[in-house]
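As structure tokens, the structure follows; a few thoughts come after it.
Since every read-out is calculated from the coordinates, none of them should be taken as a lab result. Computed from a predicted model, the values in this text were never measured in an experiment. Heads up, the Cβs are rebuilt from the backbone with ideal geometry, glycines too, and the neighbour counts pull from every protein chain shown.
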Amino acid sequence: MNKEELIQQEYIEKARAYVAEYKRLIGHEPSSCVVTFGCQMNARDSEKLCGILEQAGFILSNDENADLVVYNTCTVRDNANQRVYGRLGALHSMKKKNPNKKIALCGCMMQEESVVTFIREKYGFVDLIFGTHNIFKFAELLCDMFSSDEMVVDIWKDTDEIVEELPTKRKFPYKSGINIMFGCNNFCTYCIVPYVRGRERSREPEDIVREIKKLSCDGVKEVMLLGQNVNSYGKNLDKEVTFAQLLQMVEQIDGIERIRFMTSHPKDLSDDLINVMKNSTKICRHLHLPLQSGSDRILKAMNRHYTKEKYIDLALKIRREIPDIAITTDIIVGFPTEEDVDVDDTIDVIKKVGFDNAFTFIYSKRTGTPAASMEQVDEATVKRNFDRVLKVVQETARNAVSKYEGMIMDALCEEVNEHDPGLLNGRLSNNTIVHFAGEKDLIGQIVPVRLTECHGFYYTGELCRN
Ligand code: 5AD
Ligand code: SF4
């Protein structure tokens, strides 16, 4: 353990004492609920928060009536911020009935100064605010919160620190996300992430491999390597390692059966990576490759460093090399100055690549980003173009996904279906979900399933028993 890790271990002990005192005050075992907004990175951060909460003596719960509620926030689009404000109103009512309730806010939204000022003014009942760079000191912050009568605010502008040995409480026993890098250096002009997650920092490959070996010993079968732009992994390490090389190291780990990663930037996707994927038996047949726009003019204004043609060439090369791969994407409609002809180009790419799925977002103006001061597009045009894009996405996705109808494929059984307890939700290597009849004890196992019927983005199927 390094110095900071030892310090935080001590704070976990101190936090235990505070939580014991809190228990005497409220007269029952203290419960805590962590609510995650946003992406896989936040989901992973929440597992770290839960690990610390559990060690500090909290019972973990999914109910916001819990004694301590933590909102791990997202700010990539404004609607994420609005949802947090809306739900804070509801928490306030709960706190009025239960004044001992504690409320903590963390994550990307808290890295924005204007948000913290607004919360101080309008939501004075919040007990603790911290950001993305200092979640490793959550135990210490809990101690500060319990020992203070005022709102505790601790936001760091950036950090070089990567704290390795922290407790985590995984949401799923059979799969796990692993941070391989933090931050982003790309500065796409619409995006707030580089401002709230800081500069790109890669973890040492040895630390990543050690963590995954440990996960494998704990029964994890599927890992998801996480970074804002995994294709630039390793560039800032003393001994440079490429993402393709890292994947090969992870492939060697016994017990790991599936490897996924998120997110790839098209500008950095190497032939080496395509080859490693092609020759791997563990790397899943899925690539998430955000397009954002198909218009060269808009791509330039977005600072994406590729053209429509380059993107199409890359996607088609990947499809040629790995024919059973699913390619999914992110698309933004309504970026400043976007016209109908630009959206026509986006639609053209969607048709040519035939995405298996596309997350389509309406452009959201983020204060402080270069695009915020560009000429904005009127709402009616955006709405009209958004609907046009969505229609084509749905058509191509259905075509791409339905290709496998009738085939037998391996599915990782993930959970009981939320609508029908007789069904399980399984995930195919290509990331498509299949619902099929099966017993709960199959959860965590990889089983063959016949894909009987495609319903657009998902399948219904039948378990193939030997
Ligand atoms: N407005 C709309 N969508 C955005 N994204 C990032 N920033 C914005 C924004 N300001 C989308 C991009 C990215 C995904 C995670 O979120 O498509 O790939
Ligand atoms: Fe945002 Fe672009 Fe970085 Fe992705 S690559 S996090 S869109 S700045």
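Full extension of the chain between Glu439 and Lys157 yields a length gain of 96.7 nm, computed as 0.36 nm times the residue separation minus the alpha carbon distance.
Please work out whether the range 1-137 counts as rounded, prolate or oblate from its C-alpha gyration tensor, where a ≥ b ≥ c are the square roots of the eigenvalues and a/c under 1.5 means rounded, while otherwise a/b larger than b/c means prolate and anything else oblate? Since a/c reaches 1.5 but b/c is at least a/b, the shape of the range 1-137 is classed as oblate. Judged by the mean number of other Cβ atoms found within 10 Å, the most tightly packed of the peptides 145-156, 101-112 leads the ranking 101-112, 145-156. Taking a point 7 Å from the Cα of Arg319 along the Cα-to-Cβ direction, the residues of the range 400-415 with backbone N closer than 14 Å to it are 400-403.
On average over all directions, what projected area in square nanometres does the range 1-47 have, based on the convex hull of its Cα atoms? Spell out each step's value before the answer.
On the way: hull surface 18.2 nm².
In nm², the orientation-averaged hull projection of the range 1-47 is 4.6.
Only Cα sites of the chain enter the Debye sum here, all with the same form factor; the resulting log10 I(q)/I(0) across q = 0.11, 0.14 1/Å is -1.00, -1.52, listed in q order. Projected label points at Glu21 and Arg465, each 7 Å from Cα along the beta carbon direction, are separated by 5.9 nanometres.
Highest mean packing comes first when the peptides 191-198, 76-83 are listed by Cβ atoms within 10 Å, giving 191-198, 76-83. Length gained on full extension, Arg87 to Asp330, computed as 0.36 nm times the residue gap minus the Cα-Cα distance: 84.8 nm. Please grab the % of Cα pairs in the range 272-412 that end up more than 19 Å from each other. Result for the distance tail: 54 percent.
At 10 °C and 1.306 mPa s, grab the translational diffusion coefficient of the range 81-175 from Stokes-Einstein with a Kirkwood Rh over Cα pairs, rounded to a whole number in µm² per second. Show your work: numbers first, answer last.
Working: Rh = 14.7 Å.
In µm²/s, the coefficient rounds to 108.
Antiparallel versus total DSSP beta bridges in the chain: what percent is that, nearest 5? Of all bridge pairs located within the chain, approximately 35 percent are antiparallel.
The distance from the alpha carbon centre of the range 334-364 to that of the range 48-89 is 33 Å, rounded to a whole number. Legend: calculated FRET efficiency, Glu251 to Arg297, from the Cβ-Cβ distance at R0 = 41 Å, rounded to 0.05, equals 0.50. The modelled label-to-label distance between Phe359 and Glu405, using points 7 Å beyond Cα along the C-beta direction, is 2.8 nm.
For the Cα trace of the range 8-79, dividing Rg by the Kirkwood Rh returns an Rg/Rh value of 1.03. For Ile283, the amide hydrogen comes within under 5 Å of the amide hydrogens of Ile259, counting only partners 5 or more places away or on other chains and with H modelled in the peptide plane.
Rounded to the nearest Hz, the phi-derived 3J(HN,Hα) couplings of the range 303-309 under the Karplus curve 6.51 cos²θ - 1.76 cosθ + 1.60 (θ = phi - 60°) are 6, 8, 6, 8, 10, 4, 5, where x marks glycine and proline.
Simple spin-label estimate for Thr337 and Tyr458 gives 4.2 nm between the two label positions (7 Å along the Cα-to-Cβ direction from each Cα).
What order do you get for 329-339, 424-434, 307-317, 261-271 when each peptide is scored by the mean count of other beta carbon atoms within 10 Å, highest first? It would help to have the intermediate numbers written out before the result.
Working: 329-339: 20.5, 424-434: 22.0, 307-317: 16.3, 261-271: 17.8.
Sorting 329-339, 424-434, 307-317, 261-271 by mean packing, highest first, produces 424-434, 329-339, 261-271, 307-317.
Rounded to the nearest Hz, the phi-derived 3J(HN,Hα) couplings of the range 217-228 under the Karplus curve 6.51 cos²θ - 1.76 cosθ + 1.60 (θ = phi - 60°) are 4, 7, x, 6, 9, 10, 10, 10, 7, 10, x, 5, where x marks glycine and proline.
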